[in-house]
Amino acid sequence: MMFRTMDKKWQERWEKARIFESDPDNREKFFVNLPYPYMNGYLHLGRAFTFLRGDIISRYKRMKGFNALYPFAFHCTGTPIVAAAERISEGEETQINNLKKMGIPDGEIENFKDPVYWTKHFSEEMTEHLKATGFGIDWRRSFITTSLNPYYNKFIEWQFRKLKEKGLIAIGKHPVIWCPKCKNPVGDHARLEGEGETPQEFTLLKFEFGDSYIIAATLRPETVFGQTNLWVDPEIEYVKTKVDNEIWIMSKECSEKLKNQEKNIEVIETVKGKELLGKYAKAPGIEREIMILPSSFCDPDKGTGIVTSVPSDAPDDWMGIYDLQKDKELCESYNLNWDEVKKIKPIPIIKTKGFGELPAVEICKKLRVKSQRDRELLEKAKKEVYSTGFYTGIMNENCGEYEGLSVMEAKEKIKRKLIDSKKADIMYEPSGNVLCRCLTKCIVKIVKDQWFIRYNDPEWKKRTHKAVENMNIIPDTVRKQFHYVVDWLNDWACTREFGLGTRLPWDKKWVIESLSDSTIYMAFYTISKYFNEGTIKADVIDDEFFDYIFLGKETTKNYGVSKEILEKMREEFEYWYPFDLRSSGKDLVQNHLTFCLFNHTAIFPEKYWPRGFAVNGWVMIDAEKMSTSKGNITLLRDNVAKHGADPIRMMLAFAGEGVDDANIETQFVETIKERLISWYEFAIKNYNKGRETKMRVDYWIEAVVNQIMKETDDAMENMMFRTALQKGFFDLQRNLKWYLRRCGIPNKETISWIIEVQTKILAPFAPHISEEIWEKLGKKGFISTAEWPEYDETKIDETILKTEDYIKSVIDDIRKIVKVAKLEGKNVYVYTAPEWTWEIAEIVEKKKNFNESIKEVMKNEDMRKKGKIVSKLINELIKNRIFSKKMDEADILKESKEFIEKEVEMKLEINKDYDPKNKKLFAIPTKPAIYIE
Ligand SMILES: [Zn+2]
């Protein structure tokens, strides 16, 4: 039986029966989607992992009785496709080889000179690969983005006019991540490194220094009240620069950066860091002269290369001072007055939760930081102090008029005041390293006449926080991160000068960039099938049309179709929206997913705001990060061709869950194949066969399987698919194995039920082989649309569940005795605990505590008469954590006599009077006494 043959057979049947084409009906709906992939390559296993999670949850929900919808589309917006096509036209080797590596034949490379061909080729191929992997997608709703799709183009135009109407789009000066070589803003898709990094605002503090200013950059302007000194690197050459009408001292690198940020820069001369040491400059905000001191942590490429020192709250600064104050020789080597240096004391400024008045000093002591060169520890210290300080801190009495304000509030006010009084300025830097595709390090440039989306709008942020608060987020721990991103997200440059996409409707020289045209298209899925069928023509569609469909506004137009069709489209949107779940990798939290929320809250009424996000980790392959250099990026297509869809699906689903990184174990696929095939054979061979009589062990396996079903259900609902497979397949199989060993011939009804349950649990993961089994069992219809097996809570009886553990432990105990005593016995005598001990055990089971148990037991006069033996027993039960409801041990043993005898290869005698070694006395509930002869 070949996996590939089965794949083809069932994929054809599903398609013919259209079981994944979902239209509105009376059932409750479940709408799953995911961030569509970019059309410049095939799917690798990493992306497939995320997409598969969407498929599994939609298949599961369908079996749970929901009308499940899982659509798919193809993202073509942006510059990468155009740039790559251009490189093919120029005959560039690397780009041509990239295509060849994907398996594109030499003769076809020519076609890729045309960007449109990319969108066509990769969307068609990806569709085939997903179909071959058994994805249950409603392909009628698929589309590509950009002006190549006139419907989508109109939809995006509508969205942007809506944003503009609401005042959420503006034009003006705007900082963007910029490639100095390409001379263009660099969006996420065009980056080799630094996805999600944005321009970060620094406050430039101006320190009066003779006729010039020394400039220090900070992210925490509110800490000016704690300034004690300035830091420079003695070895760095700084520059004295004319900036507009002032003279600034900063690093050369910084002066270059400022040229792109609306400053007129003219370098006058260089100044060695050394020359500044020991001199004084007047600190802004506190108007006090502070000393300039040497440090090793000033990076000329970061900020201005000069740092203001706040030792109360900045671990680096505290360690810098600490290093100097304990070392007279060091100070003298810089010509510093050691006595003056020793006078510097940290000034407490912020009351931080969980810290004393000098958090930086405290954390350095706690982490045992030895010097300012202890970089790793200092990074840790900074992280801890900054985040608590920033989010929980309150300004103290040393902060003048700002006393009592939260740090967050004070920050804005202090910054504003410093800038207004010309004691500070602003500069931007990328929040992390960003590398353009052309390998150039990116900078921040302030561009003029840039259109941007005003994500910084406080009202808008408020609405979006509300959306985050009310939605379902899997796992819930990511909710905090969403709130953080909503707070931190700045205005977003939403247009580019070239690339594929939709032109900005009111300023057509601009193209809307790729992270901005992919925020509410989940709504487009609800009606895209009408476009794909050509029911309605693109050229008649206007804003009023989308207002009618998505916002329920009246329209008098007919758009060339009947009123019924228009109403049907509107109803279809109302039926599917809002979507229930968007499944995505965690790397998209900071852009795609958050943008999706913002735009929904701007355009749609609250009832259409997203209901759920599921976020997963990255994927490693055999514990290594996937990367081009390691050559371990493998394509979904090739894996499925080699192993079949089901084994690859199972391998991916088992790779991981939650936001931790998943790990694909490529060897595991062989184990999975064996397991699936052996289940297939077992199911077909054993269905509807077995004994009619019922034994205790049948009730046991029923309880176990119901328990497993319950746990599996819980895992499925939370998209913990690894857990679901662990419980619902591997644990179930292990227990089934024991059951068969125990009873030899299974009960017919029980085994048939288990076969159905197991196959159904497998169906969302390994749908092809599950269908095949389903058919061979003689079932009508597809297992993909069969009912998910519901567990029966009443069957999960704790006492029954314990019976097999009991037998296992008796067998284990007998074996242990045989081994330890090196016996070769013929008869084993087992004595179960007497009735009265069970009376005590049941009390202990309830109380789980010695004192309360003994109090309760001693109410009984018979027990009191027994004396010490009672308290000894209670003690033992509690010590061994034997908390068991009553079971009829003798009866259980009797029923399993034959089995136990076979397992231990001895004759078993239960509760015989014969007891030559007085073993009976040692029996306690669930732990019978054993004598071997
Ligand atoms: Zn570039």
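Only one of (1) open to solvent by less than 50 Å² (accessible area, probe 1.4 Å); (2) closer than 25 Å to residue 300 by Cα; (3) in contact with a strand residue (DSSP E or B) (Cβ under 7 Å, 6 or more places away or on another chain) is not met by residue 432, so which one is it?
Single failed check for residue 432: (3).
Which pairs do you get when a residue that is without any contact (Cβ under 8 Å) to a residue 60 or more places away in the chain, found in the stretch 1-29, comes within reach of a residue that is exposed (fewer than 15 other Cβ atoms within 10 Å of the Cβ) and not hydrophobic (A, V, I, L, M, F, W, C), reach meaning Cβ atoms under 8 angstrom, with the pair 6+ apart or on two chains?
Pairs that qualify, where the first residue is without any contact (Cβ under 8 Å) to a residue 60 or more places away in the chain and the partner is exposed (fewer than 15 other Cβ atoms within 10 Å of the Cβ) and not hydrophobic (A, V, I, L, M, F, W, C), are 27/65; 28/65.
Name, by its number, the condition in (1) within 14 Å of residue 36 (Cβ to Cβ); (2) open to solvent by 10 Å² or more (accessible area, probe 1.4 Å) that does not hold for residue 157.
Single failed check for residue 157: (1).
With respect to residue 65, determine if the residue is farther than 29 Å from residue 438 by Cβ, over 21 Å from the mean Cα position of the chain (by Cα) and small (Gly, Ala, Ser).
When the stated conditions are applied, residue 65 passes them.
What are the residue pairs meeting all of these: first residue in the stretch 440-468, first residue within 30 Å of residue 478 (Cα to Cα), second residue at pLDDT 90 or above and hydroxyl-bearing (Ser, Thr, Tyr), Cβ atoms under 6 Å, and 6 or more apart or on different chains?
Within 6 Å, the pairs are 444/428; 463/601; 464/601; 467/601.
Return yes or no: is residue 474 more than 26 Å from residue 187 (Cα to Cα), more than 16 Å from the ligand (Cβ to nearest atom), modelled with pLDDT under 95 and open to solvent by less than 40 Å² (accessible area, probe 1.4 Å)?
In short, yes.
Here is a check on your reading of the model: is residue 164 within 16 Å of the ligand (Cβ to nearest atom) and open to solvent by 30 Å² or more (accessible area, probe 1.4 Å)?
So residue 164 fails the test.
Tell me whether the stretch 391-414 contains one or more residues that are among the hydrophobic types (A, V, I, L, M, F, W, C), over 19 Å from residue 217 (Cα atoms) and in a helix (DSSP H, G or I).
yes
Just to be sure before I move on: is residue 336 farther than 26 Å from residue 394 by Cβ, in a loop (DSSP other than H, G, I, E, B) and in contact (Cβ under 8 Å) with a residue 24 or more places away in the chain in the structure I sent?
yes
Among residues belonging to the stretch 756-787 that are among the aliphatic types (A, V, I, L, M) and either closer than 23 Å to residue 49 by Cβ or at pLDDT below 95 (or both), point out the one that is surrounded by the fewest Cβ atoms within 10 Å (Cβ to Cβ).
Ranking the candidates gives 762 first.
Conditions (1) within 16 Å of the ligand (Cβ to nearest atom); (2) assigned to a helix (DSSP H, G or I); (3) of a type in the set (A, V, I, L, M), marked per residue:
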position: 448; (1), (2), (3): no, no, no
position: 451; (1), (2), (3): no, no, no
position: 455; (1), (2), (3): no, no, no
position: 461; (1), (2), (3): no, yes, no
position: 478; (1), (2), (3): no, yes, yes
position: 483; (1), (2), (3): no, yes, no
position: 490; (1), (2), (3): no, no, no
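Considering each residue of the stretch 788-843, count those that are under 27 Å from residue 902 (Cβ atoms), surrounded by 15 or more Cβ atoms within 10 Å (Cβ to Cβ) and among the basic types (Lys, Arg), and give that number.
Looking only at that region, the number is 1.
Name the one entry in 177, 171 that is within 16 Å of the ligand (Cβ to nearest atom) and either part of a strand (DSSP E or B) or among the aromatic types (Phe, Trp, Tyr) (or both).
The match here is 177.
Which condition from (1) out of contact with any Asp or Glu (no Cβ under 6 Å at 6 or more places or on another chain); (2) part of a loop (DSSP other than H, G, I, E, B) is the one that residue 505 breaks?
Of everything listed in (1) out of contact with any Asp or Glu (no Cβ under 6 Å at 6 or more places or on another chain); (2) part of a loop (DSSP other than H, G, I, E, B), residue 505 misses just condition (1).
Here is a check on your reading of the model: is residue 289 within 21 Å of residue 203 (Cα to Cα), outside any loop (DSSP other than H, G, I, E, B) and modelled with pLDDT under 95?
no
Take the stretch 181-210 and flag every residue that is at pLDDT below 85, away from the ligand (no atom under 12 Å from the Cβ) and not in a helix (DSSP H, G or I).
195, 196, listed by residue number.
Considering only residues that are open to solvent by less than 40 Å² (accessible area, probe 1.4 Å), without any contact (Cβ under 8 Å) to a residue 60 or more places away in the chain and closer than 28 Å to residue 61 by Cα, which ones fall in the stretch 540-577?
549, 550, 569, 570, 573
The values are calculated or read from the model by the stated rules, or taken from the named source; none is laboratory data. Keep in mind the model is a prediction, meaning the values are calculated, not measured. When we count neighbours, we look across all protein chains shown, and the Cβ atoms used for this are built from the backbone with ideal geometry, even at glycine. Heads up: the accessible areas ignore ligands, DNA and RNA and are worked out on the full protein's heavy atoms, side chains in. Shrake-Rupley method; radii C 1.70, N 1.55, O 1.52, S 1.80 Å.
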